[in-house]
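Undergrad: One structure, as C-alpha cells, below. Some questions next.
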Amino acid sequence: MQRLLLVTVLALGAGAAQADDGLFYLGAGISRNKLSQITNGAFSFSDISHTSWNAFVGVRPISLFAVEADYLDLGSGSRTFVAPGVGTCVVGQPNCATTISRSDAKAFAAFAAVFLPVPMPFLDIYAKAGVSRWKLNGSTSTAPPAANLFAFSTQGTGFAWGAGAQVHVGNVGARLEYANFNIPNTNGAQVISLDVFLRL
C-alpha cells in the first residue's frame, strides 16, 4: 500500500512538473497601429496608420496569471499640403509651397495579465492592464525653400490595457491581441497585433 501511495505521489508530481513547463515565454509579430489627432500647442501633425512590429517577454507562474513586458514600434506617418503662392499654383513650380507634416512613435509597456479558466487546454483568453512608457516625435517643414517650421519630441508614462486570445500546441503558439495606450494630446494608440510565441 505504501509503495502504491509513493508511486501515485511521484506520478502526480511528475504531472505537475510537466504542467509547469513553459514558465517563461517570448514572442514577436506584426501589428497594425493607429494614432490620430496628434497636437502640440497650436500645431497638429500627421496621423500614424502603419503596419509595424512588436516583441514581448513574460512569466506565467500559474495558469491564471502572468506578468509581461512589451516593446512596440508604433511606426510613422506623413502628409503633404500644397499651398498656392503668388499667381496660379502649378505643382512643382517655384510659387508653390509644399508643407510636410511627419510623426513617429514607439512604446514600452509592462502588464499584469489575467487568463480566463477556459476548459480547452490549447486555448487562452486573457485581459491585461499596466503602464506604458511612450515617445512621440513630430515635425513640420516646408519647401521650397527647405525650412523646418516646427518640431517636438515628447515622452511620458500612461495607462495601457489590452485583451486577446491565443492558441498553442506544445511550447509553440500564436495570439491575436488588441491593445490601447494612453498618450496625451492624441486619441490614444490603438494596436492590433498577430504574434507567435515560444514557451520556455
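Here, each number is a calculation from the coordinates, and none is a lab measurement. Treat the numbers as computed from the prediction; the structure is a model and nothing was measured. Don't worry about glycine lacking a Cβ; one is built from the backbone with ideal geometry, like all the others, and counts go over all protein chains shown.
Undergrad: For PHE81, project a label point 7 Å along Cα to C-beta. Then give me every residue of region 174-200 with its amide nitrogen under 20 Å of that point.
TA: Taking a point 7 Å out along Cα→Cβ of PHE81, the residues of region 174-200 whose backbone N falls under 20 Å are 185-187.
Undergrad: Lys and Arg at +1, Asp and Glu at -1: add these up for the other residues within a Cβ distance under 13 Å of THR51 and post the number. Don't skip to the end; give the middle numbers.
TA: Values: positive: ARG32, LYS34; negative: ASP73.
Residues near THR51 contribute +1 overall.
Undergrad: If we count every other residue with Cβ under 14 angstrom of ASP104's Cβ, Lys/Arg +1 and Asp/Glu -1, where does the sum land?
TA: Result for the local shell: +3.
Undergrad: Using r as the Cβ-Cβ distance of SER44 and LEU116, and R0 as 41 Å, what FRET efficiency do you calculate, to the nearest 0.05?
TA: 0.50
Undergrad: Next up: To the nearest 0.05, how large is the calculated FRET efficiency for ILE62 and ALA151 if R₀ is 35 Å and r is the Cβ-Cβ distance?
TA: The formula returns an efficiency of 0.15 here.
Undergrad: Turning to a different aspect of this structure: Order 134-142, 148-156 from most to least packed using the mean count of other Cβ atoms within 10 Å.
TA: Descending packing order for the listed peptides: 134-142, 148-156.
Undergrad: Given points 7 Å out from each Cα along the Cα-Cβ axis, report the ALA143 to THR51 separation in nanometres with one decimal.
TA: Using points 7 Å along Cα→Cβ, the separation is 2.7 nm.
Undergrad: Each residue of region 102-114 in order: what ³J(HN,Hα) in whole Hz does its phi give by Karplus 6.51 cos²θ - 1.76 cosθ + 1.60, θ = phi - 60°, with x for Gly and Pro?
TA: For region 102-114, the Karplus-derived couplings read 10, 9, 8, 8, 8, 7, 10, 8, 10, 10, 9, 10, 10 Hz, x marking Gly and Pro.
Undergrad: If you don't mind, another one. Determine, for each peptide in 108-119, 68-79, the mean count of other beta carbons within 10 angstrom over its residues, then list the peptides with the highest first.
TA: On the way: 108-119: 14.3, 68-79: 19.1.
With the highest mean Cβ count within 10 Å placed first, the list reads 68-79, 108-119.
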